[in-house]
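Input: a single structure, listed below in structure tokens.
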Amino acid sequence: MQHVEVSRPGIRFKTQQPPELFANRQLVMLEGKSGLYFSSLDSSIDLLKKRAQELIENINESRQKDHALMTNFRDSLKIKVSDLTEKLEEKMYQIYNYHNKIIQEKLQEFTQKMAKISHLETELKQVCHTVETVYKDLCIQPEVRLNSRTWAPLEEGEL
């Protein structure tokens with residue numbers, strides 16, 4: 001019989017069995033332990049896969065909820081924007097009406113003033129025509145000399 005030293009990380013021991021027996025026994029021990037180890041590992045992997053699938057499903061549900069929330073928000077926002085647009089449009093028309101009244105009044109005043117200007121222009125033309133006629137009449141008549149004291153016409157010999 002030989003002494004065989006077996007060492008594993010953290011464990012060292014000596015055995016007095018023949019090496020063949022020891023190797024067979026070690027193989028049986030490893031197979032039993034490895035079977036447990038791999039079944040435990042498979043179980044852990046299955047749990048991880050299941051947990052990952054649950055997380056993906058949760059993410060998808062959250063995304064669907066977010067999408068529904070955004071759709072509701074968009075619809076609500078469209079309604080509010082539409083309402084505000086209608087109010088703004090109504091206010092604009094009120095302002096237009098107010099300004100239209102002011103413009104109408106100013107146009108009325110302008111029309112009246114233009115009519116008065118036209119009338120005054122006609123009168124001015126008549127005055128100009130009268131002045132022109134008087135001037136022509138004065139230019140056609142012989143020159144008359146006036147006495148500077150009496151303003152009476154002078155006779156031809158007087159100075």
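A short reminder: the numbers here are calculations on the coordinates, not readings from a lab. As the structure is a computational prediction, the values presented were derived from the model and not from experiment. FYI the Cβ positions are ideal-geometry reconstructions off the backbone, even for glycines, and counts take in every protein chain you see.
For the reader, a short list of remarks on this structure follows.
- Cβ-based net charge around residue 73, under 14 Å, with every Lys or Arg adding one and every Asp or Glu removing one: +2
- Inter-part distance where region 67-110 and region 37-57 are each reduced to a Cα centre, Å: 61
- Bridgeable lysines around residue 125 (alpha carbons under 27 Å apart, same-chain partners fewer than 8 residues away excluded): 113, 116, 136.
- A simple spin-label model places pseudo-atoms 7 Å from Cα toward Cβ; at residue 48 and residue 117 they are separated by 9.5 nm.
- For the pair residue 65 and residue 91, the difference between a 0.36 nm per residue extended length and the Cα-Cα distance amounts to 5.5 nm.
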